[in-house]
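Beneath this line is the structure, given in structure tokens, with notes to follow.
The values are calculated or read from the model by the stated rules, or taken from the named source; none is laboratory data. These numbers come from a predicted model, not from an experiment. Here the Cβ is made from the backbone with ideal geometry for all residues, glycine too, and neighbour counts use every protein chain on show.
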4 protein chains.
Amino acid sequence: MSAPCFCCNAGEAPAKTTKNSALPQELQDEFSDPNHPANLICELCRLFYDNNWVTGTGGGISIRDVDGKNPNLVYIAPSGVQKERIQPWEMFLVELPEEKILRTPNEIPKELTKSYKYKPSACTPLFMSCYSMRDAGACIHTHSQSAVMMTLLLEGKTEFEISHIEQIKALPKLKFNESTKKIEKIGSMEYYDKLVIPIIENTPHEEDLTDSLQEAIRNYPGTSAVLVRRHGIYVWGETVWKAKVYNEAIDYLLELAVKMTLAKVPLSQETLQS
Amino acid sequence: MSAPCFCCNAGEAPAKTTKNSALPQELQDEFSDPNHPANLICELCRLFYDNNWVTGTGGGISIRDVDGKNPNLVYIAPSGVQKERIQPWEMFLVELPEEKILRTPNEIPKELTKSYKYKPSACTPLFMSCYSMRDAGACIHTHSQSAVMMTLLLEGKTEFEISHIEQIKALPKLKFNESTKKIEKIGSMEYYDKLVIPIIENTPHEEDLTDSLQEAIRNYPGTSAVLVRRHGIYVWGETVWKAKVYNEAIDYLLELAVKMTLAKVPLSQETLQS
Amino acid sequence: MSAPCFCCNAGEAPAKTTKNSALPQELQDEFSDPNHPANLICELCRLFYDNNWVTGTGGGISIRDVDGKNPNLVYIAPSGVQKERIQPWEMFLVELPEEKILRTPNEIPKELTKSYKYKPSACTPLFMSCYSMRDAGACIHTHSQSAVMMTLLLEGKTEFEISHIEQIKALPKLKFNESTKKIEKIGSMEYYDKLVIPIIENTPHEEDLTDSLQEAIRNYPGTSAVLVRRHGIYVWGETVWKAKVYNEAIDYLLELAVKMTLAKVPLSQETLQS
Amino acid sequence: MSAPCFCCNAGEAPAKTTKNSALPQELQDEFSDPNHPANLICELCRLFYDNNWVTGTGGGISIRDVDGKNPNLVYIAPSGVQKERIQPWEMFLVELPEEKILRTPNEIPKELTKSYKYKPSACTPLFMSCYSMRDAGACIHTHSQSAVMMTLLLEGKTEFEISHIEQIKALPKLKFNESTKKIEKIGSMEYYDKLVIPIIENTPHEEDLTDSLQEAIRNYPGTSAVLVRRHGIYVWGETVWKAKVYNEAIDYLLELAVKMTLAKVPLSQETLQS
């Protein structure tokens, strides 16, 4: 429950007063748009922190500027920092497909940063896989406890399956398009459809997940997410908002699935019948 | 727990400064009232989102303007959008009893909307059933995990029953009035009364729930809610605030009932005695 | 987890701008003090709502103006209203020991209220018992699910007992003072002390709890709280802040005790040894 | 879930308007920096309260001014007060290594304080142990229910162990440096490393924990935390932000470990194999 915050009003846009006079004017102007990808990364990281998804510097997010002038620009949160406290000028800016680094927070005036050597999120090669293999507009990585618990309860299994839960309808139905040679959204999943999310094994170094993540993406053309056992989940979507919605819907289903498993309620109808 | 937000004060009304200069002046004036149904839908959707009831675009709400000049006007949230981020001008406005559409967000200046073809909530025929069959002032639909879990724990049963819990007293006692031919509130439920909420089976398409929802409303003249298995709950009330209170009280009872069931505590006294 | 709200600052007092121009000037002046009991009731009800303690109009709170000119003045929240949305002018004001009503929200200009016949909280006789029998400065009543669950797990028992948990030290050690003939605080409970809270049976009407609550207060001179089975808890303290702290500490212990019970961890050392 | 607070903006620093005109000008100036240790203690206590870690006056925090002119200055929250409501001028200021008290809240104008005799946190000798034995920059003490539950589930065991969970990588790898004779951070823990946190038994008086806490710190050169059975946890780090991140990561692991234990999932790989 949450008592209403009377300082927030319906229909009100944030009164933008960024204290960044130390920032170059160019960046001040750039970040004055609340919907700028760098601002959205900050906003969503605060939200994800509140959900216990990115505490302890865990997790990450990357947004491709699909609606901007150059849809090949990708913004990436830095590695190893408190996700709920990052600022728009702390992002890495990379251009696809060569992944050329256009801007790093290491060039920002020291007084605005944590004054140490920033590195892009360790998930970067995984995010890039989602961009290159799926044309994603954003990719979210969380350490959600529901995701981790579900992979523990499915020890030895390589798929999470659930069906016949209404929330499944928030997820996209994807199909390989023979003419474009791309995976494309052809609608939404139906109530009776079975959601299948592959589970890959964790590796000591996050970048070493790349091969198995790419393999999972290849083997599961219908998925919008990959679970990593004992680690968390990767979710992507056509835009940042779609990725956010898919991630919320999948986390809702994982939270419910953990409860169902502990209460010995089958997760899908075949299981029910068998 | 929630540390006090010192920017919110007791006794303070929200300082309304809607940034909607792109809106027609008429709508700006209309939405300047914080208690306007369209503003309340926005406020309550943010609250419901915080409760994990409408994440991933799930759930919905509709308010009838019972205290306005025309109590036949009904406001309905749009379908498939992030509920916590809707704006007052994104509502559908419909007039009862013909359900004539008076206004849609598709007429709103594009820069204020998500620039796509809005559709009214998929729950619309269900909301309309509550208005026509029960004279409701508002109808709330959530994907509450307590509601879904309870229907899973009651697999094969068509009723959720609970008694002898104080919170039951927040719910209305309803009775068919022979003279007015209407279901009317004759008081509040008592502590020892048994709350019975019908459970209907989910269908692939939300609108296909209409027949079974109407049948449940007809068969359970004492209920203010209908549970939908593997899906969520519909709750209505005489006004938006009554609907909100009933929904809170029922969700509290469902949350408690799930815990009771898992701890093998009987939900009602007969069960206890049998 | 909760991302920092950058609009709230350490060391900042709330900027008080109550929109109550329709209120008599006298009341406007009275409520301009953020620590006025009527303002504190509003602030704490919002906090309790966030904790799921007073949703669905449940629960209540009353504060005696122990630091004011007349420490016999008692403020009581109204009955049956949404606790997180009450305003300072919606309180009942009563003078002890005759419980003479000095002010009611029914005298307030209609546009500031919900325009219906207000009644003082149904818990009023229970609150009054705490004032008269214990000289309390405030009394809190919640429908906390941990309180309700614990009474269900202790079906047939008339006491909740817990020991050897650090949080017990937040609670007062009380003793009957032969010279003043009053129960007085002589310090804080120790880690190895056993906290004992009596459990009384619920009754159909809240006021009918008065006798058994008074009996429990009489029989348990060391308690600062009474649990009501299938209902919730009453907690009181020397001041509103003490009552708040005791209620938080007890709820923490009840939440932990429910988890311990379900995990089959004994609640107190004797139990452990037996 | 948490709906976005539109009054908070990405990239915006808090507009500092401390209402403390009764404070000496010197302190007003000192506390005008939002990153002052006294302000950070207030901010973090509000955050910890929201996490149910310091409710009921429980827990505490101390920060050493490692980046200030005198890195021997230590700020300590007062004892027995509501942690979410403390103000920067309510801190004790102590200088290492003699622990000379330089400032106490008892010298502050009465109208700004709770007007009673303040005492430094009962954890002070424990905090001091972390400063002297580990050169810590901050020390956090919480009554986290996950910490308490885990010590209860490990009754009779003196260590909490967990391995092969990604979040472990947020914790530091520590090693004794022969040349400096200090425990120093040599990197981060790896995914396959086993996190071992010693558990000490609680004592009636918090200061009596000092010996066993010091012994645990000595015996576990690799640890950044000590669990106290039936009580909570102490966590420290090189700076306040490191301490915050370690505490979040450890609490995440404890929360997960409680769930794993109840679901009979082994906490570490040896356990798994045995």
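Checking each residue in region C:227-265 for being basic (Lys, Arg) and within 8 Å of chain D (Cβ to nearest Cβ) picks out C:LYS244, C:LYS259.
When you go through D:THR104, D:THR158 one by one, which is the residue that is at pLDDT 95 or above, of a type in the set (Ser, Thr, Tyr) and more than 20 Å from the chain's Cα centre (by Cα)?
Working: D:THR104 fails: at pLDDT 95 or above.
After applying the criteria, what remains is D:THR158.
Among the residues of region C:63-88, those identified as farther than 21 Å from B:LYS242 by Cα and either among the hydrophobic types (A, V, I, L, M, F, W, C) or within 9 Å of chain B (Cβ to nearest Cβ) (or both) are C:ILE63, C:VAL66, C:LEU73, C:VAL74, C:ILE76, C:PRO88.
Comparison of B:SER224, B:SER268, B:SER212 shows that the only residue that is touching a residue at least 12 places away in the same chain (Cβ under 8 Å) and away from chain C (no Cβ under 14 Å) is B:SER212. Among the residues of region D:101-132, the ones that are of a type outside the set (A, V, I, L, M, F, W, C), crowded, with 17+ Cβ neighbours inside 10 Å and part of a helix (DSSP H, G or I) come to 5 in all.
Would you tally the residues in region A:63-84 being basic (Lys, Arg) and surrounded by fewer than 18 Cβ atoms within 10 Å (Cβ to Cβ)? Quick ask: steps written out before the conclusion?
Filtering region A:63-84 for residues basic (Lys, Arg) gives A:64, A:69, A:83.
After this cut, where a residue has to be surrounded by fewer than 18 Cβ atoms within 10 Å (Cβ to Cβ) as well, the list is A:69.
Number satisfying all stated conditions: 1.
Tell me the residue from A:GLU201, A:GLU206 that is in contact with a Cys (Cβ under 7 Å, 6 or more places away or on another chain) and over 18 Å from B:GLY56 (Cα atoms), please. Walk me through how you get there before you give the answer.
Working: A:GLU201 fails: in contact with a Cys (Cβ under 7 Å, 6 or more places away or on another chain).
Exactly one residue qualifies, and that residue is A:GLU206.
Just one of the listed residues (C:THR124, C:THR113) is more than 20 Å from C:VAL245 (Cα to Cα), modelled with pLDDT under 95 and touching a Pro at 6+ places or on another chain (Cβ under 7 Å), and it is C:THR113. Residues that are in contact with a Phe, Trp or Tyr (Cβ under 9 Å, 6 or more places away or on another chain) and either at pLDDT below 95 or more than 26 Å from B:GLU43 (Cβ to Cβ) (or both) are absent from region C:38-46 altogether.
Of the residues examined, C:LYS169 is one that is basic (Lys, Arg), buried (at least 18 other Cβ atoms within 10 Å of the Cβ) and over 15 Å from the mean Cα position of the chain (by Cα). Remark: B:GLU215 falls outside the filter, which requires a residue to be acidic (Asp, Glu) and closer than 24 Å to B:ASP65 by Cβ.
Yes or no, residue by residue, for (1) surrounded by 22 or more Cβ atoms within 10 Å (Cβ to Cβ); (2) within 12 Å of the chain's Cα centre (by Cα); (3) in a helix (DSSP H, G or I):
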| site | (1), (2), (3) |
| --- | --- |
| D:LYS185 | no, no, no |
| D:TYR192 | no, no, no |
| D:LEU195 | yes, no, no |
| D:ARG218 | no, no, yes |
| D:ILE233 | yes, yes, no |
| D:TRP236 | yes, yes, no |
| D:LYS244 | yes, yes, yes |
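I'd like to know if region C:142-157 contains one or more residues that are farther than 26 Å from C:ASP50 by Cβ, more than 14 Å from every other protein chain (Cβ to nearest Cβ), of a type outside the set (Val, Ile, Thr) and surrounded by fewer than 19 Cβ atoms within 10 Å (Cβ to Cβ). Scanning region C:142-157, I find no residue that is farther than 26 Å from C:ASP50 by Cβ, more than 14 Å from every other protein chain (Cβ to nearest Cβ), of a type outside the set (Val, Ile, Thr) and surrounded by fewer than 19 Cβ atoms within 10 Å (Cβ to Cβ), so the answer is no. Residues in region B:21-48 that are free of Cβ contacts under 8 Å to residues at least 40 places away in the same chain and under 28 Å from B:VAL148 (Cβ atoms) were compared, and the one that is nearest to the other protein chains (Cβ to nearest Cβ) is B:ARG46.
Which residues, counting only those in region C:89-116, are touching a residue at least 60 places away in the same chain (Cβ under 8 Å) and within 13 Å of chain B (Cβ to nearest Cβ)?
The first filter runs over region C:89-116 and keeps only residues touching a residue at least 60 places away in the same chain (Cβ under 8 Å), leaving C:89, C:108-109, C:111-112.
Within region C:89-116, C:TRP89, C:ILE108, C:GLU111, C:LEU112 qualify.
Restricting D:VAL74, D:VAL148 to residues that are outside the structural domain of D:VAL240 (by TED's automatic domain parsing) and either touching a Pro at 6+ places or on another chain (Cβ under 9 Å) or at pLDDT 95 or above (or both) narrows the list to D:VAL74.
Among the conditions (1) without any contact (Cβ under 8 Å) to a residue 12 or more places away in the chain; (2) surrounded by 16 or more Cβ atoms within 10 Å (Cβ to Cβ); (3) over 21 Å from the mean Cα position of the chain (by Cα), the only one that C:THR203 does not satisfy is (3). Here D:ALA147 fits the description: closer than 24 Å to A:LEU153 by Cβ and within 15 Å of the chain's Cα centre (by Cα).
The single condition among (1) farther than 30 Å from D:GLU207 by Cα; (2) in contact (Cβ under 8 Å) with a residue 60 or more places away in the chain; (3) in contact with a helix residue (DSSP H, G or I) (Cβ under 9 Å, 6 or more places away or on another chain) that C:LYS157 does not satisfy is (2). Does region C:163-170 contain any residue that is more than 26 Å from C:TYR49 (Cα to Cα), in contact with a Phe, Trp or Tyr (Cβ under 7 Å, 6 or more places away or on another chain) and of a type in the set (Ser, Thr, Tyr)? Checking region C:163-170: at least one residue is more than 26 Å from C:TYR49 (Cα to Cα), in contact with a Phe, Trp or Tyr (Cβ under 7 Å, 6 or more places away or on another chain) and of a type in the set (Ser, Thr, Tyr). Applying the set (1) farther than 28 Å from A:HIS143 by Cβ; (2) within 11 Å of another protein chain (Cβ to nearest Cβ); (3) without any contact (Cβ under 8 Å) to a residue 24 or more places away in the chain to D:GLU190 leaves exactly one unmet item: (1).
Yes or no, residue by residue, for (1) modelled with pLDDT under 90; (2) buried (at least 18 other Cβ atoms within 10 Å of the Cβ); (3) more than 7 Å from every other protein chain (Cβ to nearest Cβ); (4) out of contact with any helix residue (DSSP H, G or I) (no Cβ under 6 Å at 6 or more places or on another chain):
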{"residue": "A:CYS8", "(1), (2), (3), (4)": "yes, yes, no, yes"}
{"residue": "A:PRO14", "(1), (2), (3), (4)": "yes, yes, no, yes"}
{"residue": "A:ASP50", "(1), (2), (3), (4)": "no, yes, no, yes"}
{"residue": "A:ILE61", "(1), (2), (3), (4)": "no, yes, yes, no"}
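Given A:TYR246, A:TYR220, A:TYR252, A:TYR234, which one is out of contact with any strand residue (DSSP E or B) (no Cβ under 6 Å at 6 or more places or on another chain), at pLDDT 95 or above and aromatic (Phe, Trp, Tyr)?
Values: A:TYR246 fails: out of contact with any strand residue (DSSP E or B) (no Cβ under 6 Å at 6 or more places or on another chain); A:TYR220 fails: out of contact with any strand residue (DSSP E or B) (no Cβ under 6 Å at 6 or more places or on another chain); A:TYR234 fails: out of contact with any strand residue (DSSP E or B) (no Cβ under 6 Å at 6 or more places or on another chain).
Going through A:TYR246, A:TYR220, A:TYR252, A:TYR234 in turn, the sole match is A:TYR252.
Considered as a group, the residues in region B:246-274 that are among the small types (Gly, Ala, Ser) and part of a loop (DSSP other than H, G, I, E, B) include one that is nearest to B:LEU152 (Cα to Cα), and that residue is B:ALA263.
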